[in-house]
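Visitor: Please find one structure pasted underneath; my questions will follow.
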Amino acid sequence: MSTPLAQLRSSLDGRVTVPGDAGYDRARKVFYGKWDRRPAAVARPASAEEVARVVTLAAESGTELAVRSGGHSLAGHSTSDGGIVLDLGGLTGLELDLEGGTAWAETGLTAGAYSEAVGAHGLVTGFGDTGSVGIGGLTLGGGVGFLVRRFGLTIDSLLAAELVTADGRLLGVDEERHPELFWALRGGGGNFGVATRLKFRLHELPSVVGGMLLLPGGPEVIEGLVAAAVAAPEELSMIANVMVAPPVPFLPAEAHGQLVVMALLAYAGDAEAGERALAPFRALARPLADMLQPMPYAGLFQGDDDMEVVEESARSLFCDTIDATAAKLVVEHLEASTAPMAVAQLRVLGGAMARVPVEATAFAHRHRPMMAGVGCVYEDAADRPVHDAWADRFAAALRQGDPGVYVNFLSDEGPERVREAYPGPTWDRLVQVKRRYDPGNLFRRNQNIPPGPA
Ligand SMILES: Cc1cc2nc3c(=O)[nH]c(=O)nc-3n(C[C@H](O)[C@H](O)[C@H](O)COP(=O)(O)OP(=O)(O)OC[C@H]3O[C@@H](n4cnc5c(N)ncnc54)[C@H](O)[C@@H]3O)c2cc1C
């Protein structure tokens with residue numbers, strides 16, 4: 001074992017797993033099987049001080065450092081070949097201030113675990129659509145989910161952070177302390193340090209009305225669904241997946257093999273108003289399944305724990321609308337895919353997210369009315385070029401207006417696409433913050449914002 005690793009082992013109460021150890025394969029595993037990397041060590045610190053020790057050791061030894069909260073990076077950034085993975089999974093503390101309406105959460109928590117815990121008090125912070133995603137990666141990139149129109153992005157509920165910077169300091173960061181860094185943390189991803197704790201605003205929301213509405217997937221329904229979501233009160237947010245229904249037990253047999261829209265809807269308000277807001281969606285076509293009902297916010301999360309995604313080709317973009325022409329393009333491209341499963345995801349934005357001034361945080365796309373994602377999953381890496389080309393064509397067909405992408409939906413797509421996440425002045429400001437807090441680019445296994453020459 002080389003010296004830095006021996007130091008790492010001896011200086012941590014938390015676990016350090018290296019090749020040859022029992023549990024190494026489990027420790028190095030991330031959500032996407034295609035990122036099958038072999039780190040030199042996976043360190044699982046037991047405190048913020050230990051996080052700082054790992055950061056310092058990586059910096060001093062020149063070892064690549066990958067930071068992991070929930071392990072769902074689309075680009076494989078939370079693992080490394082030959083580097084140190086700093087796995088925050090052991091840090092799952094949650095401190096609630098019910099009177100003040102805030103929560104301090106350690107970043108090893110998943111969105112699901114956090115939401116279950118605060119939901120017991122009738123409270124929420126909005127995350128994404130999947131419970132097993134880590135609050136670390138999701139929040140630092142922005143956080144777009146079922147409450148986006150009601151309470152904004154996850155970062156709009158972020159009040160403060162504790163951050164270990166490249167020089168091993170543990171900083172308290174908020175509007176008063178390191179305000180530029182706080183601006184950058186809200187959307188700039190993992191570029192500036194390791195967030196060990198995040199302080200969130202808690203919103204009162206004892207229940208939502210929502211769940212899945214399964215509709216036939218013709219162009220008229222797709223167009224109508226988007227129009228209904230745009231016209232809906234802003235308590236309602238929608239994430240709609242258009243796909244050929246797989247033969248899974250939770251979908252009715254009559255839907256298997258058919259193009260369907262799996263509309264995930266959430267009305268963040270009282271049940272009666274929710275039923276009224278959902279009526280236009282139910283009226284679009286005879287539903288193949290209607291699972292809309294009152295439930296706690298955490299009940300909305302899609303379970304992906306048993307999901308094994310090996311290969312995926314995906315592209316994400318912001319767009320203005322899905323009109324009749326775009327809806328037809330969606331259907332045509334899905335039908336043209338040769339992958340076992342292909343999907344187009346449509347999210348209508350606006351509401352609270354759009355009311356925050358664009359320069360208030362490093363998330364630069366608040367004014368865009370919609371986000372679309374296209375993707376397919378398959379088994380064989382040899383098929384990747386074909387499916388990547390399909391995803392590129394599909395995304396190009398839906399593109400309207402300025403280019404732009406949500407950083408957390410970027411895969412490993414190169415520096416030009418990272419620039420699309422941070423257009424114009426946002427990029428320049430992020431580079432300034434990066435220069436100040438990570439001039440040596442220690443935190444580079446991410447959608448990277450290089451500090452440039454000093
Ligand atoms: C199935 C699935 C569904 C998703 N749904 C949504 C959704 O609805 N809405 C949405 O907004 N996003 C969604 N995402 C995207 C998700 O937000 C990103 O993949 C995010 O980076 C995952 O966070 P993580 O902590 O699980 O990932 P990780 O792989 O652990 O981290 C990703 C990167 O974030 C940085 N990072 C993570 N934790 C920290 C930390 N504590 N300090 C500093 N840097 C850190 C690091 O650079 C790391 O490489 C989804 C992803 C998947 C796979």
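Visitor: What distance in nm separates the two pseudo spin-label positions at Asp167 and Ala283, each 7 Å out from Cα along the beta-carbon direction?
Guide: Computed distance between label sites Asp167 and Ala283 equals 6.2 nm.
Visitor: What percentage of the solvent-accessible surface of segment 266-422, computed with a 1.4 Å probe over protein heavy atoms, is contributed by carbon and sulfur atoms? Don't skip to the answer; put the middle values down first.
Guide: Working: 3770 of 7030 Å².
Taking all protein chains in place, segment 266-422 shows 54 percent carbon and sulfur surface.
Visitor: Any idea of the accessible area per residue across segment 1-113, 1.4 Å probe, to the nearest Å²?
Guide: Details: 4750 Å² over 113 residues.
On a per-residue basis, segment 1-113 sits at 42 Å².
Visitor: If I stretch the segment between Ala22 and Glu176 completely, what's the gain in nm (0.36 nm per residue apart, minus their alpha carbon distance), one decimal?
Guide: Values: separation 154, 0.36 × 154 = 55.44 nm, distance 4.57 nm.
Extra length available between Ala22 and Glu176 comes to 50.9 nm.
Visitor: Same structure, new question: Once you have the Cα-Cα distance between Asp383 and Lys34, take 0.36 nm times their residue separation minus that, and quote the gain in nm to one decimal.
Guide: Numbers: separation 349, 0.36 × 349 = 125.64 nm, distance 1.28 nm.
Extra length available between Asp383 and Lys34 comes to 124.4 nm.
Visitor: Check each of the GluC sites (Glu not before Pro) in segment 371-447 and keep only those in coil by DSSP with at most 16 other C-beta atoms within 10 angstrom; list them in order. Walk me through the numbers before you get to the answer.
Guide: Working: sites: Glu379, Glu413, Glu416, Glu420; in loops: Glu379, Glu413.
Here the sparse-neighbourhood loop sites are Glu379.
Visitor: Mark the label point 7 Å from the Cα of Met295 along Cα→Cβ and return the residues of segment 131-149 whose backbone N is within less than 12 Å of it.
Guide: Counting only backbone N, you get 131.
Visitor: Tell me the mean residue ellipticity at 222 nm calculated for the chain from its helices only (DSSP H runs of n ≥ 4, each -39500 (n - 2.57), averaged over every residue, nearest 500). Walk me through the numbers before you get to the answer.
Guide: Details: 14 runs with 133 residues, N = 454.
Rounded to the nearest 500, it is -8500 deg cm²/dmol.
Visitor: Using a simple charge model, +1 on the beta-carbon of Lys and Arg, -1 on the beta-carbon of Asp and Glu, nothing else, what dipole does the chain show about its Cα centre, in debye to the nearest 20? Present the calculation step by step, with values, prior to reporting the outcome.
Guide: Numbers: 39 positive and 56 negative charges, 168 e Å.
Using only the charged Cβ atoms, the result is roughly 800 debye.
Visitor: Using a 1.4 angstrom probe and counting only protein chains, how large is the accessible area of His121 in Å², to 10?
Guide: 90
Visitor: What is the extension gain from Ala227 to Arg435, computed as 0.36 nm multiplied by their sequence separation minus the C-alpha to C-alpha distance, in nm to one decimal?
Guide: Details: separation 208, 0.36 × 208 = 74.88 nm, distance 4.38 nm.
Stretched fully, the Ala227-Arg435 segment lengthens by 70.5 nm.
Visitor: Quick one: Cα centre-to-centre distance for segment 1-59 and segment 237-306, in angstrom?
Guide: 40
Visitor: Evaluate the Debye formula for segment 113-154 with equal point scatterers sitting on the alpha carbons, no solvent, and hand back log10 of I(q)/I(0) at q = 0.17, 0.27, 0.32 Å⁻¹, in q order, two decimals.
Guide: Normalising to I(0) and taking log10 leaves -0.41, -0.99, -1.20.
Visitor: For segment 329-454, what is the accessible area per residue in Å², given a 1.4 Å probe and the full set of protein chains? All intermediate terms of the calculation are to be shown ahead of the outcome.
Guide: Working: 5620 Å² over 126 residues.
Ligands and nucleic acids excluded, the figure is 45 Å² per residue.
Visitor: Right, something else. Quick one: what does P(r) look like for the chain with 10 Å bins over all Cα pairs, in whole %?
Guide: Spelled out per bin, shortest first, that is 4, 21, 31, 27, 13, 3, 0.
Visitor: Here is a further query. Treating the angle as unsigned and between 0 and 90°, give the value, to the nearest 10°, between the Cα long axis of helix 324-336 and the longest Cα principal axis of the chain.
Guide: So the helix axis and the longest Cα principal axis differ by about 70 degrees.
Visitor: Excluding Thr361 itself, what net charge comes from residues whose Cβ is under 10 Å from its Cβ, given Lys and Arg +1 and Asp and Glu -1? Intermediate values should be presented prior to the final figure.
Guide: Numbers: positive: Arg186, Arg366; negative: Asp156, Glu359.
Taking every other residue near Thr361 into account, the sum is 0.
Visitor: Met341 label point, 7 Å along Cα→Cβ, cut-off 17 Å on backbone N: hits in segment 118-139?
Guide: 129-133
The values are calculated or read from the model by the stated rules, or taken from the named source; none is laboratory data. This one's a predicted model, so the numbers in the text were calculated from it and none came from an experiment. Neighbour counts run over all protein chains shown; Cβ positions are idealised from the backbone, glycine included. Side chains included, ligands, DNA and RNA excluded: accessible areas come from the protein's heavy atoms. Shrake-Rupley method; radii C 1.70, N 1.55, O 1.52, S 1.80 Å.
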